[in-house]
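Structure first, commentary second.
What follows is calculated from the coordinates using simple rules that are stated; it is not laboratory data. These numbers come from a predicted model, not from an experiment. All Cβ positions, glycine included, derive from the backbone under ideal geometry; neighbour counts span all protein chains shown.
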Amino acid sequence: MPDLTRLDIVMPVWNEKDNVRAALESIEESASQAGVETRLIVIDDGSAPEHAVFLDELAGEGRIHLIRQENSGRFLARQRGMDEVSSDYVLLMDARVRLYPDTLASLRAMVQQGSHPVWSAHVDLLNAESPWTSFWFGITCVWWREYFQNPRRSVLTEENFDRYPKGTGAFFARSDLMRVAMEAFTTRFEGHAYSSDDTGLLRYFARNGGINLTPQIRCGYYGKDSFKGWARQSFYRGTTFIDGYLPQDANPAYYLAAACAAVGVGVAGMIAAPRAMAVGAVGAAVSAGVGARWCGATPHQAASVTALCLPFGVVFGAGLMRGLLMATRQFAR
């Protein structure tokens, strides 16, 4: 019968000294309760000196296995970490994630039952009081309302990929499957600094056996709780959205031209009828918040969606334009 007695955990980090120790402590507590021997493989993706020194201290204590590389992005950091994995199963985990005391015990039980070998953890927001983090969870309730209105065990496939929440911040799979998925990964961009490593890997698993999701296997997550962090994340996600969702056979130049035309129409509308545009924008923001609440968001999350959806549209849209430019340049080569 299969079992989970050893587990290597791959964690790429960049300037995350305030989160790594807390994440490590959550791993150690969860592993102790589950009876699982864990090894945390930390890949320092070019962190600043004060963060690097902190990681050196943890490595000196023997609590992490530390690897260093120049800043190359999360995908290449994870791929480098996979070179060190020796356990039959692997957990991809971000530094802002916290395992619960029963997370690994629940995973072990699923493995012992001979259940599916690929799981994406159900994620709870741990700093829900912040409007910046609440916004993200509010919009996920809209996009993935089929699950959040009734959280239950589900299997993500290629057919229902866009209807369920998923991510690689806490993603469990057999190590051999993870290596194959990483080998199959491609990007529309030059290099991997802005590649959609989440979506690319997840699509591979969805096509090849599916991804399991259940509220029984869950973890917590501390989102970035400042305007600067929120804006940078919005801009970055706009860029990676192009890599993850633009059809592979599409010429990105056509989409770039359409996006530029849409921006031109919007600017012309603001000049010709600023009051009508303002009223329409406010109406759209309120509707977004109401929709998020109906889809299962808390009142605080819904209010954050209303307050931030317009600036999000601007920043995310700018990221989309950058992604289209990058994809167009690469496509032309």
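Tabulated data for the structure shown
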quantity	calculated
With 10 Å bins from 0: P(r) over the range 45-150, alpha-carbon pairs, percent	10, 29, 36, 22, 3
Over the range 213-288 - Rg/Rh using Cα atoms and the Kirkwood inverse-distance radius	1.10
Nearby lysines by direct alpha-carbon distance to residue 17 (threshold 22 angstrom, same-chain neighbours under 8 apart not counted)	224, 228
Cα-based Rg of the range 165-232 normalised by 2.2 N^0.38 Å, two decimals	1.31
Normalised contact order of the chain, rounded percent, pairs of Cα under 8 Å and 6 or more residues apart	21
Cα gyration tensor shape for the range 71-213, rounded if a/c is under 1.5, else prolate or oblate	rounded
Anisotropy class of the range 1-90 from Cα gyration tensor, a/c 1.5 cut	oblate
Shape category assigned to the range 228-333 from the gyration tensor of Cα positions, a/c cut at 1.5	oblate
Average silhouette area of the range 173-300, convex hull of alpha-carbon atoms, in square nanometres	11.9
Along principal axes, Cα extents of the chain, largest first, whole Å	67, 46, 42
Viscosity 1.306 mPa s, 10 °C: Kirkwood-radius Stokes-Einstein D of the range 94-141 over Cα pairs, µm²/s	123
Karplus (6.51, -1.76, 1.60) ³J(HN,Hα), θ = phi - 60°, over the range 90-103, in Hz, Gly and Pro reported as x	9, 10, 7, 8, 8, 5, 7, 8, 10, 6, 7, x, 9, 4
Efficiency of FRET from Cβ geometry, residue 310 and residue 61, R₀ 45 Å, rounded to 0.05	0.45
Spacing of the two label points (7 Å from each Cα toward its C-beta) at residue 331 and residue 70, in nm	3.0
Net lengthening on full extension, residue 5/residue 128 (0.36 nm per residue, minus Cα-Cα)	40.9 nm
GluC sites (Glu not before Pro) within the range 1-107, DSSP loop, no more than 11 other Cβ atoms inside 10 Å	61, 70
Label-point separation in nm, residue 83 to residue 153, each point 7 Å along Cα→Cβ	3.9
Part-to-part distance (alpha-carbon centres) for the range 118-167 and the range 212-291, which is given in Å	17
Kirkwood Rh in Å, taken over all unlike Cα pairs in the range 199-256	14.5
Local net charge near residue 328, Cβ-Cβ under 14 Å (Lys/Arg +1, Asp/Glu -1)	+2
Summed side-chain charge close to residue 117 - residues other than residue 117 whose Cβ falls under 10 Å, Lys, Arg +1, Asp, Glu -1	-1
Residue 208-residue 272 FRET efficiency (beta carbon distance; Förster radius 51 Å; 0.05 resolution)	0.50
Estimated dipole of the chain in Debye, rounded to 20 [Cβ of Lys and Arg +1, of Asp and Glu -1, Cα centre]	1120
Among 324, 60, 195 the positive-end extreme of the charge dipole of the chain (Cβ point charges)	324
Residues of the range 79-105 with amide N under 17 Å of the 7 Å Cα→Cβ point at residue 298	98
Spatial extent of the range 157-198: Rg and Dmax, with the Cα atoms as the point set, Å	12.1, 29
